[in-house]
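Notes follow once the structure below has been shown.
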Amino acid sequence: MDDNFVDYLSEYEIRVGLNKIASEINRQYGTNDELIIVCILRGGFVFCADLVRRLNCQCKIEFIKVSSYIHNQQSQITLQSGLVELAEVQNKHVLIID
């Protein structure tokens with residue numbers, strides 16, 4: 001580990017933040033609503049797992065992998081795998097975690 005590394009947020013602050021986000025999601029969606037969670041790999045995986053453990057609503061979790069780059073001074077995003085079918089998410093609540 002880098003000796004000059006300073007934590008941006010403590011473990012406690014992260015836990016408090018996750019609890020706050022989960023409480024808001026639980027308040028909005030209750031236990032009967034289904035929430036589709038789309039997690040963008042790889043960066044969102046741990047956060048997604050920690051958040052889902054705190055949720056009371058029914059969740060369906062999907063994972064996608066994307067890449068981004070700049071081409072001709074324009075940002076480009078390429079889907080690499082795992083696209084959720086459009087019919088599965090139409091008229092449903094979707095949370096994207098990156």
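Worth pointing out:
- Beta carbons closer than 9 Å, at least 6 apart along the sequence or on distinct chains, pair a first residue in segment 41-56 that is over 13 Å from Gly17 (Cα atoms) and touching a residue at least 40 places away in the same chain (Cβ under 8 Å) with a second that is surrounded by fewer than 14 Cβ atoms within 10 Å (Cβ to Cβ) and aliphatic (A, V, I, L, M) for Gly44/Ile96.
- Once segment 1-32 is narrowed to residues that are surrounded by 10 or more Cβ atoms within 10 Å (Cβ to Cβ) and not in a helix (DSSP H, G or I), the residue that is modelled with the highest pLDDT is Leu9.
- Selected residue (criterion: least open to solvent (accessible area, probe 1.4 Å)) from residues of segment 36-78 that are modelled with pLDDT under 90 and charged (D, E, K, R): Glu62
The values are calculated or read from the model by the stated rules, or taken from the named source; none is laboratory data. As the structure is a computational prediction, the values presented were derived from the model and not from experiment. Cβ: placed from backbone, ideal geometry, glycine included. Neighbour counts: every protein chain shown. In case anyone asks, the SASA skips ligands and DNA or RNA and just uses the protein heavy atoms, side chains included. Shrake-Rupley method; radii C 1.70, N 1.55, O 1.52, S 1.80 Å.
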